1. If a residue counts only when it is of a type in the set (Ser, Thr, Tyr), which strands (runs of 3 or more DSSP E) contained entirely in the range A:18-68 have at least 3 such residues?
2. Of the residues A:Gly291, A:Gly307, only one is in the same structural domain as A:Val22 (by TED's automatic domain parsing) and either within 30 Å of A:Gly15 (Cα to Cα) or of a type in the set (Gly, Ala, Ser) (or both); which?
3. Consider the range A:383-395. How many of its residues are charged (D, E, K, R) and closer than 17 Å to A:Asp283 by Cβ?
4. Can you pull out the residues in the range B:200-222 that are closer than 20 Å to B:Met256 by Cα and not hydrophobic (A, V, I, L, M, F, W, C)?
5. Looking at the structure I just gave you, is B:Arg212 part of a loop (DSSP other than H, G, I, E, B) and buried (at least 17 other Cβ atoms within 10 Å of the Cβ)?
6. Sort out which residues of the range A:2-26 are of a type in the set (A, V, I, L, M, F, W, C) and under 22 Å from A:Thr92 (Cβ atoms), and write them in order of number.
7. Which ones in the range A:356-400 are in contact (Cβ under 8 Å) with a residue 24 or more places away in the chain, of a type in the set (Ser, Thr, Tyr) and closer than 25 Å to A:Gly21 by Cα?
8. Residues in the range B:350-391 that are of a type outside the set (Ser, Thr, Tyr) and within 23 Å of B:Val38 (Cβ to Cβ): how many?
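The values are calculated or read from the model by the stated rules, or taken from the named source; none is laboratory data. Just so you know, these numbers come straight off a predicted model, no measurement behind them. Because the Cβ atoms are built from the backbone with ideal geometry, glycine has one as well, and the counts that use them run over all protein chains shown.
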2 protein chains.
Amino acid sequence: MNESIHLKIKKQIPGSLGRTGVLSTPHGEIKTPAFVTVGTLAAVKALSPEDVASLGAQVVLGNTYHLYLQPGEDVVAKAGGLGSFMNWQGPTMTDSGGFQVFSLGFAYKKGVSKIAKESPTEAELEGNSEHISEHSALAKIDDDGVTFKSHLDGTEHRFTPESSIAIQEKLGADMIFVFDECTSPLAQKEYMRKALNRTHRWAKRCLDTRTREDQALFGIVQGGRYKDLREESARYIASLPFEGFGIGGSFDKDDMKEVVELVNKILPQEKPRHMLGIGEVEDIFEGVQRGVDLFDCVLPTRLARHGVIFTKNGKYDIKKIINREKFEPIVDGCGCYACKNYSKAYLHHLHRAGEMLGHRLSSIHNLYFMMELMKNIRDSIEQDSFLKYKKEFLEKYKNI
Amino acid sequence: MNESIHLKIKKQIPGSLGRTGVLSTPHGEIKTPAFVTVGTLAAVKALSPEDVASLGAQVVLGNTYHLYLQPGEDVVAKAGGLGSFMNWQGPTMTDSGGFQVFSLGFAYKKGVSKIAKESPTEAELEGNSEHISEHSALAKIDDDGVTFKSHLDGTEHRFTPESSIAIQEKLGADMIFVFDECTSPLAQKEYMRKALNRTHRWAKRCLDTRTREDQALFGIVQGGRYKDLREESARYIASLPFEGFGIGGSFDKDDMKEVVELVNKILPQEKPRHMLGIGEVEDIFEGVQRGVDLFDCVLPTRLARHGVIFTKNGKYDIKKIINREKFEPIVDGCGCYACKNYSKAYLHHLHRAGEMLGHRLSSIHNLYFMMELMKNIRDSIEQDSFLKYKKEFLEKYKNI
């Protein structure tokens, strides 16, 4: 029996699935609910591990697809694993590469997380990802795995459940994920059913092939916007001996709450649940309320690199000319390194001039904002005031 | 009388012009000889001020040409000056913009610092600077000043000795430079003489127009490779009440030692001398031996961003595939943050993947290398072993 991680539940939101807890991992504890910082290529973009730790981050997630291509899992393994390679002392995760091979193979669309069809040539949707939008039709799925082309050099590669786990075992993160098929929210139910069956078979194969006892394997619930499929998926995945669970795929914004609640009612209460790729403030509140323990998203750092700054009143663009001579802190009252030491005018200048320090300061601020949010959410649950905190926060917070 | 800075000479190299000292400025002391870190746009590229301070840097130089264009000297002035704007607590310098308007207006050539002719259209030399090589014929000189086009948007601007000083007074650095004409090392003597006379008239105009008593103004000696012109320039500039002196322009590598010695014999011993834009290890040793107190150069940080790492045995390229699985420190025995915490393999990966952290770690290392070199040079002078240290260092050090 794998006892690599353990979730100790501390406090429940009365009348709901939400809770605080402490997730113990081989590299330290994570206070949950927590926001997982994305470090795609074994580096949180623009930041050092000390930056990441000092802003309150607890856990870093590397992307298996990217690390497999560059520098390769063997290099990371020889360095002693992901954390050792990048000099991050705390807990780590890797995803399975599933999301990336599909998003690279097919297409992205704004507001729709991912699009997958049986024939990639049908995918003609508009791209919104930085380096993904230029690619299409680079992946092909069959019952055994996915053949895809590298976005770096076009070379052909193949992931199967077995190879994804083998790579993740070499990368050596504390928590890893099963290889699943990420379907389009626009997919028809007939295809979704087929894909779900495949994802379930793959989940089992991932469990069968794993060898490391110091890594926790998370199963992933799929099923898109179809409640019966989500329920079926949750029941099946929950029946397998995973150490944790991911909720994957995409939702219509309206469906999300219902689907997450449905799924988390079925998943075992004593194990951690990770909502994959979700990081908008509203979604985090709704997810926490319905029992999600972990979130990850590139949004805070990606937007930071574009000069978008998170505040309690919503986001603003530091590059706008109105900030040129504002010598007050980036966000008034914020305790982060960037806000304590630099002005809006300076950050505006750095972004306008393309200075790397601008990316770093903005990333520090936005991640600190997320960590503070999670801390306040945890505190509010402990103090039985989560719903009040949520209401007050979201009343002020306006998304751009 | 301007007493903004003061050089206290501590120890002389026996039988030579070289010395150690302490240069007091309104923002702290600088142990000399010192390497000045370049922070072109009010940021040392890829680094925070804490990074810069922690690697041992004592003073930061901003470029007037760049800061005038972006964000503009008024913004910097309203922020409280260069140091305050960028949150650098220590001493600061600005150059006059002269070098940039000429290098942008004319052309660069490898091994030749700058080329200036009366008619920009004659300049057809190969460029070697990152963003300068694309431009040519953007500057036009007359006896009153220089009209040039912005490399950012092509808009026309004009610098005169008076405007350069006015801008530098707004930027507010502790040490500023006169506006001079930077001639080509290939220029004929007839033109050099004419340019030198103009530079001398401009030096006087800079002195006449200055108003701030908390800023030190450095005169600049020009004269290219012509010893008689250098001597004449040194005598004239030394006769004016500057607080410090720059040695500008370019030299043939062979001439440099002689010219610097000639000039520094004439310049007043009690005032600091800055060798402009010089930063190769050999040149620093030769300059120090001949009485230079300050050096600045973009080389350590620019090469760092291209993955070139400084070591006592010369430089190496971390991007080369041979480093892919080298898990030892970047430079064995180095005490910098990068070498203490990361492997060659990781830095190789970061550069290959284009991660900003790679630029930062390499910049930290290369600047630390320069700061350690200067510290060891100072120590060797104090211990009467400079020539021995120089010989031993240069025997091992091979430039790429």
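1. Details: elements: A:19-25, A:28-32, A:34-38, A:60-62.
Counting at least 3 such residues, we get A:19-25.
2. Values: A:Gly307 fails: in the same structural domain as A:Val22 (by TED's automatic domain parsing).
The match here is A:Gly291.
3. Applying the first criterion (charged (D, E, K, R)) to the range A:383-395 yields A:384, A:388, A:390-392, A:395.
Cutting the leftovers down to closer than 17 Å to A:Asp283 by Cβ gives us A:390-391, A:395.
Of the residues in that region, 3 qualify.
4. Taking the range B:200-222 first, the residues closer than 20 Å to B:Met256 by Cα are B:219-222.
Within the range B:200-222, B:Gly219, B:Gln222 qualify.
5. Values: part of a loop (DSSP other than H, G, I, E, B): yes; buried (at least 17 other Cβ atoms within 10 Å of the Cβ): no.
Against the criterion (part of a loop (DSSP other than H, G, I, E, B) and buried (at least 17 other Cβ atoms within 10 Å of the Cβ)), B:Arg212 does not qualify.
6. Kept after step one, since they are of a type in the set (A, V, I, L, M, F, W, C), are these residues of the range A:2-26: A:5, A:7, A:9, A:13, A:17, A:22-23.
The answer is A:Ile5, A:Leu7, A:Val22, A:Leu23.
7. Going residue by residue through the range A:356-400, those that are in contact (Cβ under 8 Å) with a residue 24 or more places away in the chain are A:356, A:358-375, A:377-378, A:381-382, A:384, A:386-387, A:390, A:393-394, A:396-400.
With of a type in the set (Ser, Thr, Tyr) added as a condition, the list becomes A:362-363, A:368, A:397.
Answer for the range A:356-400, where residues must be in contact (Cβ under 8 Å) with a residue 24 or more places away in the chain, of a type in the set (Ser, Thr, Tyr) and closer than 25 Å to A:Gly21 by Cα: just A:Tyr368.
8. Here is the first cut: in the range B:350-391, the residues of a type outside the set (Ser, Thr, Tyr) are B:350-361, B:364-367, B:369-379, B:381-384, B:386-388, B:390-391.
Next, only the ones that are within 23 Å of B:Val38 (Cβ to Cβ) stay: B:350-351, B:354-361, B:364-367, B:369-378.
Counting residues in the range B:350-391 that are of a type outside the set (Ser, Thr, Tyr) and within 23 Å of B:Val38 (Cβ to Cβ) gives 24.
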